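Participant: Would you mind keeping the following structure in view while I ask a few things?
The values are calculated or read from the model by the stated rules, or taken from the named source; none is laboratory data. It should be emphasised that the depicted structure is a prediction, and the values quoted were computed from it without experimental measurement. Reconstructed Cβ throughout: ideal geometry from the backbone, glycine too, with neighbour counts over all protein chains shown. SASA here: full protein model, heavy atoms, side chains in, ligands and nucleic acids out. Shrake-Rupley method; radii C 1.70, N 1.55, O 1.52, S 1.80 Å.
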Amino acid sequence: MQAKLIDGKALAAQGKAVAAADTAALKAKGVTPCLAVILVGEDPASQVYVRGKAKDCHDCGIDSRVIRLPEETTQAELLK
C-alpha cells in the first residue's frame, strides 16, 4: 500500500469554508450557532486550545463564549 500525503492546512481550510457556509445558512434562518466552553482552572495548554477554538469560531461566523471557573470548583458546582 502506498502512503498518501494529506495537506492538513488545505483540509482544515476546506472544513472551515463548509462550516462558514452552513453558519451563514443558519443565520439566514434566524439561528446563530454558538460554542460555549467551560474552562475550570488555569491550565495553559487548555487556555491555548480554547483560544484556538474561539478563533476558529470567529473565522466561521460562529459565536463563542468562555465561562471561566476557579480550579477549586467541585463537580457538583460545575453541574449546577
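Participant: Mind checking which residues of segment 56-70 are open to solvent by less than 80 Å² (accessible area, probe 1.4 Å) and part of a helix (DSSP H, G or I)?
Facilitator: Residues satisfying the conditions are 56, 57, 59, 60.
Participant: Taking segment 24-55 on its own, how many of its residues are assigned to a helix (DSSP H, G or I), under 10 Å from the mean Cα position of the chain (by Cα) and under 27 Å from residue 79 (Cβ atoms)?
Facilitator: Looking only at that region, the number is 6.
Participant: Just to be sure, is residue 4 at pLDDT 95 or above, outside any strand (DSSP E or B) and open to solvent by 70 Å² or more (accessible area, probe 1.4 Å)?
Facilitator: no
Participant: What single numbered condition from (1) part of a loop (DSSP other than H, G, I, E, B); (2) open to solvent by 70 Å² or more (accessible area, probe 1.4 Å); (3) not small (Gly, Ala, Ser) fails to hold for residue 73?
Facilitator: Checking residue 73 against (1) part of a loop (DSSP other than H, G, I, E, B); (2) open to solvent by 70 Å² or more (accessible area, probe 1.4 Å); (3) not small (Gly, Ala, Ser), the one that fails is (2).
Participant: Among residues belonging to segment 7-44 that are within 30 Å of residue 71 (Cβ to Cβ) and not aliphatic (A, V, I, L, M), point out the one that is surrounded by the most Cβ atoms within 10 Å (Cβ to Cβ).
Facilitator: 33
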